[in-house]
Amino acid sequence: MATKSPAAPASRGAVVLGPHANALTRAERLELYYWMRFTRSLEERLVNLYRQTKVVGGLFRSLGQEADAVGSAFALEPGDILSPLIRNLGSMLVKGATPVEILKQYMAKGDSPTRGRELNIHFGDLERGFVGQISHLGDMVPVMAGIALSFKLRREKRVVLVYVGDGATSTGAFHEGINFAAVQRVPMVVIVENNGFAYSTPTTTQTAAKSFADKGIGYGIPGVTADGNDVLATYEVTREAVNRARAGGGVTLIELMTYRRKGHAEHDNQSYVPAGLGERWAAENDPIDRYVARLTEEFGFSPKELAAMDARVQAEIDAATDEAEKSGVPGALDALTGIYADPPLEKPLWFREGVTSAVDAHERPVGWGVYDAAKGGKS
Amino acid sequence: MAEITYLEAIREAMSEEMARDPNVFLMGEDIGAYGGAFKVTEGLLERFGASRVIDTPISEAGFVGAAAGAAHMGMRPVCELQFIDFISCAYDILTNYVATARYRAFLGCPMVVRGPSGGYVRGGPFHSQNPEAAFVHTPGLKIVYPATAEDAKGLMKAAIRDDDCVLFFEHKYLYRRIKGVMPAGDHVVPIGKARVAREGTDVSIITYAATVYKALEAAEQLAAEGVSVEVIDLRTLAPLDDEAIVSTVKKTHKVLVLHEDTRTGGIAGEITARINETCFEWLDAPVLRVTAADVPLPYAPSLEDYVLPQVADVLTAVRRLAAY
Ligand SMILES: Cc1ncc(C[n+]2csc(CCOP(=O)(O)OP(=O)(O)O)c2C)c(N)n1
């Protein structure tokens, strides 16, 4: 039974590998490490850029949740499609999103994947297999159910994976989407990342259910809970559900237990978190530390091998940063393109005919009225 | 008396109303211990307790609907949407249930739904919206959108005391940038009354919320050019203050309607039509509109600045009117 609130880090007793995790090759085991490390280091780079005011909007971290994002996405095959949530940078990287894209997106560059229209990791690519989320929580569940429905109708052996936070399970869209998917028996896996908090709201305020996995009962689908900070356990449970979906077995709800070690976004000082809780998770249940221990103790990887991987990650992120910084801002008139397929271009309003910019400088507002912990108070 | 911000003015209004009337209570996401994403409700949990400052699940339709039920029973709920963009999740409840309750079932919904709105903050398409027009189009909802700290307080108090549902839009760009000294005593600003933000004789700008300040800035520059601009701050969008609109038309004979919302279906079209219907013969020029372009609001500064109305656009429009 899952614990609802992260009163303490989950136990770290010896974990027995399941058949899927057992079947991973040595190279695949290393790859899991690479993606987790990549996720963490890329976010650390984004923090630097944020502090240099190069990130235009807010910055969202998945520190401590890398295993759940990476392990689950790794269970998909090419052709499968996922929809990440704000803590799933790792899932997108596994599916082929590049660091250059992520950096350009955060910096609102003109050649970012959304050409400066959308923020942070809100972008997608159906070819590579990820769909950009919108902010409205829960909305991606019915959308992904529809993608899964298209697979079913066309008899394609493809699977959909959609992520939601514990908080997003409270939305109407989540309920309607998962219910629709369950009734239609579409090939879909729903992952609820139970990271203890939705912004400042603990899971006990979010639901009266004993666990999020229990919600599966109400939809007539299996609900399972796994240790989201164990990349192999995450892989195992997701792979099982993905296989089931691919074989026509319908929807599975997976609750992954993890912990959001940073605030909701960089500005959030987490005043609502019990003292010491984050530090305990960091010390006792860090997903990368845990995996490193297994890689070295159980699977015969040398620290040198892992260090080489870390160096590779750093070099790739450095190169990506250099490249991303080179790009310019979007041309203002691009704002008027692509609202419809036809017409492809919106006409400028009458007072903007012949005008390309109505401001002298594009300021980055110091704050938009949110609490700014970095400034020790209000922005 | 010390100055307080627009944001603090809203908090002060809610706090005073909660102290005055035990039926007033708050619901919303993260509004308790955290004090809300923007800290509007900071300190209210400590003062009034968890039974009157209720942290909700992420269920906008759920708690806005629950507010309607509680309101039927004589409670006066005030719901916070973390960003007004999420009011779309409660659209069904608000437009179908709440807006029609009095008319079809003789049930009042004395409730307030409030939240941070508007752009100029690099918030992207889902944290910058101005969805007021969709609700202005729904008979049965009152809509206010203050521009000053004094109005933020006075209108919030009026909204809480109103016997119908009031949607209370707060401009997040103004939250901590705009300050004012609150009038002493029980400061209530009546719903449905516009305000003359600046007196003028040559051209009128009718606007509300953040663009009031774009209008005032333009008016200042135009004064130097010898054009006297009157700025009308609507304050309430439903019901509209027709009298104030007509009276400024009769005074200046030239009107620019300015808003941050997109053009098509925006309130500027409605105001223009009302002027045509009621005082066309007083006009010396066509009524002009300056609004956002009809596109989803993009994130990058260069794009957002292009899409949203700027002071330079107001200057262009007023100069065109002045030339008639
Ligand atoms: C419908 C809706 N309401 C409110 C919000 C504002 N909001 C953004 S993230 C968030 C908390 C999300 O919590 P959870 O789903 O648990 O994900 P986590 O951030 O913990 O990963 C809230 C309330 C939103 N994005 N969408």
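Bear in mind these aren't lab numbers, they're just calculated from the coordinates by the rules spelled out. Values in this document were obtained by computation on a predicted structure and should not be read as measured data. Ideal geometry is used to build each Cβ from the backbone, glycine not excepted, and the neighbour counts take in all protein chains shown.
If a/c stays under 1.5 just call it rounded; otherwise compare a/b with b/c (prolate if a/b is bigger, oblate if not). Do that for segment B:3-181, with a ≥ b ≥ c from the square roots of the Cα gyration tensor eigenvalues. Since a/c stays below 1.5, the shape of segment B:3-181 is classed as rounded. So what is log10(I(q)/I(0)) for segment A:15-55 at q = 0.28, 0.30 1/Å, when the Debye sum runs over its Cα atoms only? Taking Cα atoms of segment A:15-55 as identical point scatterers yields -0.90, -0.94.
Peptides A:259-267, B:33-41, A:300-308, ordered by how many other C-beta atoms sit within 10 Å of their residues on average, highest first, read B:33-41, A:259-267, A:300-308.
Classify segment B:1-59 from the C-alpha gyration tensor, please: rounded if a/c falls under 1.5, else prolate or oblate depending on whether a/b exceeds b/c.
Oblate shape, in that a/c is at least 1.5 and b/c is the bigger or equal ratio.
Peptides A:60-66, A:347-353, A:331-337 ranked from most to least packed by the mean count of surrounding Cβ atoms within 10 Å: A:60-66, A:331-337, A:347-353. Beyond 23 Å between alpha-carbons counts as too far, so tell me which of A:Lys54/A:Lys262; A:Lys109/B:Lys172; B:Lys179/B:Lys250; B:Lys179/B:Lys251; A:Lys326/A:Lys347 fall in that bin. The pairs that break the limit, which is 23 Å between Cα atoms, are A:Lys109/B:Lys172; B:Lys179/B:Lys250; B:Lys179/B:Lys251; A:Lys326/A:Lys347.
Taking A:Pro344, A:Pro287, A:Pro113 in turn, the Gaussian network model of chain A (Cα-Cα springs below 10 Å) assigns the largest fluctuation to A:Pro344. Listed by chain and number, the aspartates and glutamates whose C-alpha is less than 17 Å from the C-alpha of A:Lys304, apart from same-chain residues fewer than 8 away, are A:Glu31, A:Asp289. In percent, rounded to a whole number, the relative contact order of segment B:195-323 is 28, using alpha-carbon pairs under 8 Å and six or more apart. Seen from every direction in turn and averaged, the convex hull around the alpha carbons of the protein assembly as shown projects onto 31.6 nm². Take every Cα pair under 8 Å whose residues are at least 6 apart in sequence, average their separation, divide by the length of chain A, and the relative contact order is 21 percent. In the Gaussian network model of chain A, springs joining C-alpha atoms below 10 Å, which of A:Leu345, A:Leu89, A:Leu17 carries the largest mean-square fluctuation? Largest GNM mean-square fluctuation: A:Leu345.
Helix B:242-252 axis versus longest C-alpha principal axis of chain B: approximately 20°, rounded to the nearest ten. Remark: C-alpha extents of chain A on the principal axes read 67, 48, 41 Å, sorted largest to smallest.
Computed extension gain for A:Glu28 through A:Glu363, at 0.36 nm per residue and net of the alpha carbon distance, reaches 116.1 nm.
Could you sort the peptides A:123-136, A:71-84 by per-residue average Cβ neighbour count (10 Å cutoff), highest mean leading?
A:71-84, A:123-136
Averaging Cα coordinates gives a centre for segment A:139-153 and one for segment B:307-324; these two points are 47 Å apart. With an a/c value of 1.5 or above and a/b not larger than b/c for the gyration tensor axes a ≥ b ≥ c computed over the alpha-carbon atoms, segment A:272-314 is described as oblate.
Rounded to the nearest 0.05, what FRET efficiency is calculated for A:Asp318 and A:Asp125 with R0 set to 25 Å and r the Cβ-Cβ distance?
0.55
Using the crude model of +1 on Lys and Arg Cβ and -1 on Asp and Glu Cβ, and no other charge, please compute the dipole size for segment B:3-181 relative to its Cα centre, in debye to 20.
Once rounded to the nearest 20, the dipole reads 180 debye.
Between the residues A:Leu295, A:Ser150, A:Thr225, the greatest Cα displacement towards the positive end of the dipole of segment A:19-325, with unit charges on the Cβ of Lys, Arg, Asp and Glu, is found for A:Ser150. Computed from label points 7 Å out along Cα-Cβ, the spacing between B:Glu3 and B:Val246 is 3.8 nm. The simple Förster model, with R0 at 25 Å and r as the Cβ-Cβ distance, assigns A:Glu176 and A:Ala208 a FRET efficiency of 0.80. Taking label positions 7 Å along the Cα-Cβ direction at both B:Asp186 and A:Ala341, the computed distance is 6.1 nm, reported to one decimal. A Cβ-based charge dipole, computed about the Cα centre of segment A:8-138 with Lys and Arg at +1 and Asp and Glu at -1, lands at about 500 debye. Straight-line cross-link partners of B:Lys193 among the aspartates and glutamates, defined as a Cα under 15 Å from its Cα and at least 8 positions apart when in the same chain: B:Glu150, B:Asp151, B:Asp162, B:Asp233, B:Asp241, B:Asp242, B:Glu243.
In which sequence would B:Cys79, B:Cys89 go, from the one with the fewest C-beta neighbours within 10 Å to the one with the most?
Starting with the residue having the fewest Cβ neighbours, the order is B:Cys89, B:Cys79.
Taking a straight Cα-Cα cut-off under 27 Å and skipping sequence neighbours fewer than 8 places away in the same chain, the lysines within cross-link reach of A:Lys157 are A:Lys95, A:Lys215. As a length-normalised measure over Cα pairs under 8 Å and 6 or more apart, the relative contact order of chain B settles at 16 percent. Remark on B:Leu107: its backbone amide H falls under 5 Å from those of B:Arg102, a criterion applied only to residues 5 or more positions apart or on other chains, H modelled at 1.01 Å from N. Helix B:311-322 and the longest principal axis of the C-alpha atoms of chain B enclose an angle of approximately 50°. Note on A:Ser41 and A:Glu77: their simple-model spin labels are 3.2 nm apart, each label 7 Å out from Cα toward Cβ.
Compute the helix-to-body angle for B:6-20: its Cα long axis versus the longest principal axis of chain B, expressed 0 to 90° and rounded to tens. Tilt of helix B:6-20: around 40 degrees.
Suppose the Debye formula is applied to equal point scatterers at every Cα of segment B:195-323; what is log10 I(q)/I(0) at q = 0.21 Å⁻¹? Computed log10 I(q)/I(0) values: -1.22. A Förster radius of 45 Å, combined with the Cβ-Cβ distance separating B:Glu277 from B:Ser228, puts the computed FRET efficiency at roughly 0.95.
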